[in-house]
Every structure is written in C-alpha cells, then in structure tokens.
Amino acid sequence: MREGNTFYVTTPRSSTLSAEGLELEMTTEYPFEGILVLDVKSNLTGSGVNVKVYVPDWMLLSTIQYDGKILPAKVGDDGFLTFEKLKTGDRVLFDYSFSPRQEPVVNVHNTKPGQARYFSGPFILNEEGTPVYHLMDTTVTKASGYHHQILFNGF
C-alpha cells in the first residue's frame, strides 16, 4: 500500500517494488523464522521515502541493522516498524523468531470448555508441536488416523 511517500508492507514476502523512480527489494524467509532484508536499489524520487513494515504481536524482534547501525526494534503503536528517509543504497535488516502461544477457540459451539489452539508464528501446531501448513498435511489427514481436532482461524 502507498500513502504519499510512505510505502506499507502488510505481509512480508520476497519481492521487488518499482514505482516512479523508486526500486525496493525485500528478501525474507517469512512465514518461517529468519531474516528480513529491505534494500533500496534506487531512489530517484528527489525525496526521502518511508517504509512501514507490519509486525504481528507474535513476531519477536530483538535488534535492527539500519544505515550501518544496530538499533533496538521499536514497533509503533500502529503495529509498524518505520524506516524514514530511505535513500539509494540503504539496507535494513532484522532477525525475527516466533514463540509458541496458546489462543482461545473461535467457535465455542463446536468445542469443549478448556480447549485451545496452539500456534508458532502464523502456523497452528498439531499435538506433536509440529506446524500444520495445509489441511492435506499427511500428519493430520483422516487416512493417517489422526484423531484430534485442528482449530484454524477463519478467513
């Protein structure tokens, strides 16, 4: 998304943006743990460009490397990390990880009291604590004999 000279990254993914004299490249291993790198390949706009990267509550950040300096990762009240006045050659790099978390079920009509959903980052976990990437995952298909309910978020 774009608003004036500010570009918003709502879901990190490896991609390139070219628009009106600006070329940004993002490299990431998201949704898996790892690194996100934002390179300003060129900024010929004549002005500083701002990039805001959304950071979900469950994404754990420690430090950021920005303009050759290591800074503490401070997410704004709006949920975004903001990098201001980016110019050609700038590079932003940050590591992220996930911590397992428990969330309440969404549909209380088809579940029992005390049931919960367990996640690591954006992935729901099966009973072995392994992320489930797809409903056809062989560990949770009917043919495998898996007998526990997997409670996904709605879309």
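The values are calculated or read from the model by the stated rules, or taken from the named source; none is laboratory data. Note that the coordinates shown come from a computational prediction; the quantities given were computed from them, not determined experimentally. Reconstructed Cβ throughout: ideal geometry from the backbone, glycine too, with neighbour counts over all protein chains shown. Please note that ligands, DNA and RNA were not included when accessible areas were found on the heavy atoms of the full protein model with its side chains. Shrake-Rupley method; radii C 1.70, N 1.55, O 1.52, S 1.80 Å.
Only one residue in ASP77, ASP57 is modelled with pLDDT of 90 or more, loosely packed, with under 12 Cβ neighbours inside 10 Å, assigned to a loop (DSSP other than H, G, I, E, B) and charged (D, E, K, R), so which one is that?
Residue meeting the stated conditions: ASP77.
Going through region 35-48 one residue at a time, which ones are closer than 18 Å to THR88 by Cβ, open to solvent by less than 60 Å² (accessible area, probe 1.4 Å) and modelled with pLDDT of 85 or more?
Within region 35-48, VAL37, LEU38, ASP39, VAL40, SER42, ASN43 qualify.
Scan region 87-98 and give yes if some residue there is over 17 Å from LEU36 (Cβ atoms), open to solvent by 100 Å² or more (accessible area, probe 1.4 Å) and in contact (Cβ under 8 Å) with a residue 12 or more places away in the chain, otherwise no.
Yes: region 87-98 contains one or more residues that are over 17 Å from LEU36 (Cβ atoms), open to solvent by 100 Å² or more (accessible area, probe 1.4 Å) and in contact (Cβ under 8 Å) with a residue 12 or more places away in the chain.
Go over the candidates PHE83, PHE32 one by one and state the one that is touching a residue at least 40 places away in the same chain (Cβ under 8 Å), open to solvent by less than 20 Å² (accessible area, probe 1.4 Å), of a type in the set (Phe, Trp, Tyr) and within 30 Å of ARG101 (Cα to Cα).
Matching residue, one of PHE83, PHE32: PHE83.
Scanning region 105-129 for residues that are among the polar types (S, T, N, Q) and more than 19 Å from TYR30 (Cβ to Cβ), which turns out modelled with the lowest pLDDT?
Looking at the filtered set, the residue picked out is ASN126.
List every residue pair whose Cβ atoms sit under 9 Å apart, with the two residues 6 or more apart in sequence or on different chains, where the first one lies in region 106-120 and is open to solvent by 80 Å² or more (accessible area, probe 1.4 Å) and the second, anywhere, is assigned to a strand (DSSP E or B).
VAL106/ARG117; TYR118/PRO100; TYR118/ARG101; TYR118/GLN102; TYR118/GLU103; TYR118/ILE124; TYR118/LEU125
Looking at TYR8, TYR66, which one is free of Cβ contacts under 8 Å to residues at least 40 places away in the same chain, closer than 26 Å to SER99 by Cα and open to solvent by 30 Å² or more (accessible area, probe 1.4 Å)?
When all the criteria are applied, what remains is TYR66.
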